[in-house]
Every structure is written in C-alpha cells, then in structure tokens.
1. Residue by residue, what Karplus-based ³J(HN,Hα) values in Hz, rounded to whole numbers, does segment 67-82 have, using 6.51, -1.76 and 1.60 with θ = phi - 60° and x for Gly and Pro?
2. Counting other Cβ atoms within 10 Å of each Cβ, which trypsin sites (Lys or Arg not before Pro) in segment 119-183 have at most 14 and sit in a DSSP loop?
3. Would you mind checking which residues have amide H under 5 Å from ASN164's amide H? H placed 1.01 Å from N; only 5 or more apart, or other chain.
4. At 7 Å along Cα-to-Cβ for each site, give me the label-to-label distance between GLN157 and CYS141 in nm.
5. So what are the ³J(HN,Hα) numbers for segment 56-65, from phi and the Karplus equation (6.51, -1.76, 1.60; θ = phi - 60°), rounded to whole Hz, Gly and Pro as x?
6. 5 Å is the cut-off here: which amide hydrogens, built 1.01 Å from N in the peptide plane, fall below it relative to LEU145, excluding neighbours closer than 5 in sequence?
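Nothing in this text is a laboratory measurement; each read-out follows from the coordinates by a stated rule. Predicted model, so just to flag it, every value in this text is computed and none were measured. When we count neighbours, we look across all protein chains shown, and the Cβ atoms used for this are built from the backbone with ideal geometry, even at glycine.
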Amino acid sequence: ALEAPNAYARMHGFLSILPSATFAATAFYVLFWARGLICMVDSFPSQVAGFADITTAARAWEVRAALIRVASASLENSIALLGCFAVTSAFALLFDARHAALWKIASNLGLVGYVLHVLFQAAAVTGTCKSVAPAINSQICSGRLDMAHYLLVKLVQSSEAGMNVHGAPLTKGAFLRALQLACMALVGTAVNIIGLQSLSVSLGQGGGTPSTSPADST
C-alpha cells in the first residue's frame, strides 16, 4: 500500500522535469547553431583577401547565405517556442512564487535566463551578417582590397542574410523591444497580484461583515 504513493510521486517528479528538460535541449540546439553561424560569418571578412578572385569570394558568401537561410527556416519554430516558454514561465512564477519551493523558483529562473541568452545569441546572427559589408568596405578604403570588391559589398548587402522568425528579421533591437514589453507586462501583473492579495487580507481581517450603527440597533 505504501508503494503506490511513492510510484506516483516519482512519476509526478518525472513529468514535472520533462518539459524543462525538453526546453533546455531545444535551447542548446538553437545556441549550437547560432554560435556556429556567428563564427562562420564573422570570419568571412578576414578571408576575403585570401580568395583567388572576386568570383570565388562571391560564391563563398552565397554558400554562407544559403546555409543561414536553411538554418533560419529550421530554427524559426524553435525560437518562437522558446520565446513563448520564457514569457509563460515568467508569468507562472508570479502566481506560484508564494507556494513553490525556493529551489524550484531558482531553477525556473535559471532556465528562463538561459533561454533569453539563447534568443539574444540567435538575434546576434543577424547583426553579425549586417557587419560583413562595412568590414569589407573598410578593407577597400585601407587599400587591402581593390575597388572591384565593391561588387562583393553590394552582393552581401542584397543577400539580406540573417535569422528570421516567420518572415520577421530577428535582431538585437527587436529582441530588446520584445523583452521590454514583456517586463512591463510582468510588472503590471505583479502590481495587480499584490493589490488583490492586500485586498483579500484586509477583507479577511475585517471579517467580511458590515458594521452597524447605534441608530440601526435601536
């Protein structure tokens, strides 16, 4: 008779850990691709001078841009899912903060912070792609590359490489604006929760019965 509650407790613990582990694995998968793409794109301006001609350099960038588009298409659902998870987990922590254990709150906050870091790294891919054209342009101005490489600059700018989530470019600015709106919504929700709790406490202390005047008693 004692084994059934223990088995239920183990099953409940496993089912509560499974969603967090799934989101952590998804975040690691996105972070793995984001860091790889950043390294691949960031090293391209320094490699331009080593290519045999501008055609080879243009072909190398087209391969990188195509890989970024494929990675963006395969990761956009994961990125959107992680963003929804971060927002819903933060709201859930507000309602569960009084009853949950400290270790559970700390672990959930750590997971939310890790997801936000992963989303910021995914947004950094777009910023790194946008910095390639100015880096090549600076090498042309310094004399390390000839004027023909201006065609490569135009090619990089027209490719519009970067991370996209359902057609919208994911940039650091867009991520920070979304984070600001989410923080404002969390603060507003927290203020409402505190107001409702203080109201319930005051009603509980008053007993919930209306006061009667001496004139009414007579």
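1. 5, 5, 5, 5, 5, 5, 5, 7, 9, 5, 5, 5, 5, 5, 5, 5
2. Working: sites: LYS130, ARG144, LYS154, LYS172, ARG177; in loops: ARG144.
Answer by residue number: ARG144.
3. Here the answer is LEU170, since their amide H atoms fall under 5 Å of that of ASN164.
4. 1.3
5. 5, 5, 5, 5, 5, 5, 4, 5, 5, 5
6. ILE140
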